[in-house]
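Please read the structure below before turning to the comments.
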Amino acid sequence: MDQSTPLRPDDSSLRATRSERRGALLWTSAQVLLTADDPVDMLSGLFPQIREELDVDTYVNFLVDENQAALRLASCEGIPPDEVAKIQRLDYGQAICGTAAAQRTAIVATDIQRSNDPKVQLVKGYGIRAYACNPLLCGDRLLGTLSFATHTHDSFDDDTLEFFRSISLHVAVAHDRANLIKRLRDADRRKDEFLATLAHELRNPLTSIRASTEVMRLKESADPDLQSARDILYHQVNIVSRLVEDLLDVSRLTLGHIELRMERITIGDVLDQAIGTSRPTLESFGHELFVEPAPDPIYVYADLIRLAQGVTNLLINAAKYTPPGGRIRVGASVEHNSAVIRVIDNGIGISLEMLSRIFDLFRQSDAQPAGGQDGLGIGLTITRRLVQLHGGTIEARSAGQDRGSEFVVTLPLAAAPVQEPRITPAATPVPFRSLRILIIDDNERVAKSLATLTRLHGHEVHVANGGERGIELAREVRPEIILLDIGMPGMDGHQTCCRLRAEPCCSSTTIIALTGWGQDADQERSRSVGFDLHWVKPIDSHFLSMLPGTVR
Ligand code: ADP
């Protein structure tokens, strides 16, 4: 040190404070950038602090464009607004950033206003005096460039250049992470869309297969082989239909397309419905079911059908994953001011490793269920999502292999009603009568199988394979009920329904939409064009008992 220079005790402490401040700024930047969904926004949000600390007034962030052919401007500050439009795209090798990108090395340009280097002429024109550009690299992948610049001095000190390098590294990792998340989300969305389309496309053929198997069941046959083949077909088609429904539900739930019809119900209602639906499965495995109802009604605010669907999944799993002749208990109670439903079995149990992932989509354990594997590993995902939509939680417990399983659903309690609901007398059954039914569906197989089934149930059936023909036939036969497919080429079901409603022959006809689309918006659309009912395919023989005017 030059002895003649007076000692300035402040210098080292100033530097210490400066490096502490910069360290803290780098730390904050890393935290902000590495958790950001959009690093471009975050960088522009961070720049005011960098500007103040590093004494720079300009930054420019280029990213490699989608087809990797050039750089495109992601964000910048300090560049004259009319110049920004001109640098939206930069070729590799062009100016400082294009050169840093092409060579994948940092470039620091100093004394720019006195420089004749062709690379710096672009920024020289903006009045910039020093410019430091770092390539954004992740491994050997180039993601873009990040530059800082100043209009007020001709160079940067080493500490400042080191800071630029560090922050560029953070920005590169942040962009890489954001790209990865975007790709994962896109892939996930495409998977959801694919599943929804697949399930939807399977509904039409299923409708006709299901109706045809019903027809076969209704036709007496003395041949035992034929009878057994028919029963197998009937059983299997029901399994496929359930899988398709589950697939549709899981995609609707993940896309947030399920609307709940909330009302005050009791847990007893939920258990009754779930037990009713799962009883055939429980019985087919020869299990004993013990129901432990709560002494008093437990009220929850819920969608009865959806909540019962969740509990049904648990009961069917208990049946599937318990060797035949097992014991299954289902109970309701109030615990810690919440409604609790428990489904307990003495079956194959769940390993510790599986317990932590059991609610994940498509997750199945290696242990084979008693009746063979016929699920896709989505039932529990649906159940958990449904429970969550009701503000509740679900937990799986097991002491391990062959030690049985317990599923505990906890739901918020609803207040009990002020008055007990009035008991309404049971409706008097309407006697069966044959109806005049017109089926309009462009899919000949679906139309034919539905027609055969409907005829076998004693109704007079007419079929048209398009909207125009349907209207002509309606004028001729004056149907009491029309089953009308929505997705038809040319005049679709909505247009056909509007036209039918204008015909005097159909003024009091019940028109029922048949469709693969069952969301609230679809139902609303059906109502608005004049449909009385909206039925989602595949429909089975139950639809016959739902026809207005029939009770079988
Ligand atoms: P699926 O039953 O169609 O495979 P789920 O999502 O309903 O799909 O269940 C996921 C997995 O969780 C099952 O494959 C099974 O390994 C395990 N599991 C679910 N319920 C039980 C149970 N009661 N006992 C043992 N294992 C179960």
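In this structure the amide hydrogen of R89, modeled in the peptide plane, comes within under 5 Å of the amide hydrogens of L73, none closer than 5 places in sequence on its chain.
Quick one: which of 260-266, 141-147 comes out on top by average Cβ neighbours within 10 Å, and what's the full order, highest first? Kindly include the intermediate steps, with their values, before the conclusion.
Details: 260-266: 15.3, 141-147: 23.3.
Most protected by this proxy first, the peptides run 141-147, 260-266.
Using the 2.2 N^0.38 Å rule of thumb for compact globular proteins, work out how region 190-330 stacks up: its C-alpha Rg over that value, please. If you can, show how the numbers build up before the last one.
Details: Rg = 18.2 Å, N = 141, 2.2 N^0.38 = 14.4 Å.
The reported ratio for this selection is 1.26.
Shown in residue order for region 146-152 are the 3J(HN,Hα) couplings computed by the Karplus curve 6.51 cos²θ - 1.76 cosθ + 1.60 at θ = phi - 60°: 9, 10, 10, 8, 9, 9, 10 Hz (x for Gly and Pro). How big is the antiparallel share of DSSP beta bridges in the chain, given as a percent to the nearest 5? Beta bridges within the chain, antiparallel portion: roughly 70 percent.
Seen from L90, the other residues with C-beta closer than 14 Å to its C-beta sum to a net charge of +1, counting Lys and Arg as +1 and Asp and Glu as -1. Ordered by the number of other Cβ atoms lying within 10 Å of each residue's own Cβ, fewest first, H462, H235 fall into the sequence H235, H462.
Residue-wise HN-Hα couplings along region 471-483, as the Karplus relation 6.51 cos²θ - 1.76 cosθ + 1.60 with θ = phi - 60° gives them from phi, are 5, 4, 5, 4, 5, 6, 9, 6, x, 7, 10, 10, 9 Hz; Gly and Pro carry x.
May I ask you to derive the FRET efficiency for A416 and D522 from their Cβ-Cβ distance with R0 = 35 Å, giving the value to the nearest 0.05? Show your work: numbers first, answer last.
Numbers: r = 36 Å, r/R0 = 1.03.
Efficiency computed from Cβ-Cβ geometry: 0.45.
Charge tally around L282: other residues with Cβ under 15 Å, Lys/Arg +1 each, Asp/Glu -1 each, net 0. For a straight C-alpha distance cut-off of 18 angstrom, the lysines reachable from K537 (same-chain residues fewer than eight places away being disregarded) are K448. How charged is the neighbourhood of S333? Take every other residue with its Cβ under 14 Å from the Cβ of S333, and add Lys/Arg as +1 and Asp/Glu as -1. Charge balance in the 14 Å sphere: -2. Of the residues T254, P295, I267, the one whose Cα sits farthest towards the positive end of the charge dipole of region 187-315 is T254 (charges of +1 on Lys and Arg Cβ, -1 on Asp and Glu Cβ, taken about the Cα centre).
Each peptide among 501-509, 247-255 gets the average number of other Cβ atoms lying within 10 Å of its residues, and from highest to lowest they stand as 247-255, 501-509. Taking a point 7 Å out from the Cα of F194 in the direction of its Cβ, the residues of region 234-257 whose backbone N falls within less than 18 Å of it are 244, 247-252, 254-255.
Count neighbours as other Cβ atoms within 10 Å of each site's Cβ, and list the trypsin sites (Lys or Arg not before Pro) in region 294-376 that are DSSP loop with at most 16 such neighbours. Qualifying residues, ordered by number: R357, R363.
Given the C-alpha centroids of region 270-298 and region 126-153, what is the distance between them in whole angstrom? If we compute the Cα centre of each part, the gap is 68 Å. Across region 339-348, rounded Karplus estimates of 3J(HN,Hα) from the backbone phi angles (6.51 cos²θ - 1.76 cosθ + 1.60, θ = phi - 60°) give 7, 10, 10, 10, 10, 10, 10, 10, x, 6 Hz, Gly and Pro being marked x. Dipole orientation for the chain: of the candidates N337, I167, S208, S208 has the Cα lying most toward the positive pole (charges on Cβ; Lys, Arg +1; Asp, Glu -1).
Given the -39500 (n - 2.57) contribution per DSSP H run of 4+ residues, what per-residue ellipticity at 222 nm results for the chain, rounded to the nearest 500 deg cm²/dmol? Write out the running numbers ahead of the final one.
Values: 16 runs with 249 residues, N = 552.
Estimated from H runs of four or more residues: -15000 deg cm²/dmol.
Do me a favour and compute the ellipsoid semi-axes for the chain from its Cα gyration tensor, root of five times each eigenvalue, largest one first, whole Å. Kindly include the intermediate steps, with their values, before the conclusion.
Numbers: eigenvalues 876, 223, 96 Å².
One finds semi-axes of 66, 33, 22 Å for the chain.
Report the charge-dipole magnitude of region 117-225 in Debye, nearest 20, computed about the Cα centre from +1 at each Lys and Arg Cβ and -1 at each Asp and Glu Cβ.
About 320 debye.
For K320, go through the aspartates and glutamates and keep the ones whose alpha-carbon is under 15 Å away, minus same-chain ones fewer than eight residues off. Output for K320: E283, E288, D345, D366, D374, D402, E406. Look at S228, S351, S168 and count the other Cβ atoms within 10 Å of each Cβ; fewest to most, that gives S228, S351, S168.
Values quoted throughout were computed directly from the atomic coordinates according to the rules given, and no laboratory measurement underlies them. Keep in mind that this is a model prediction, so the values were computed, not measured. Positions of Cβ are generated from backbone atoms using ideal geometry, with glycine treated the same way; all protein chains shown enter the neighbour counts.
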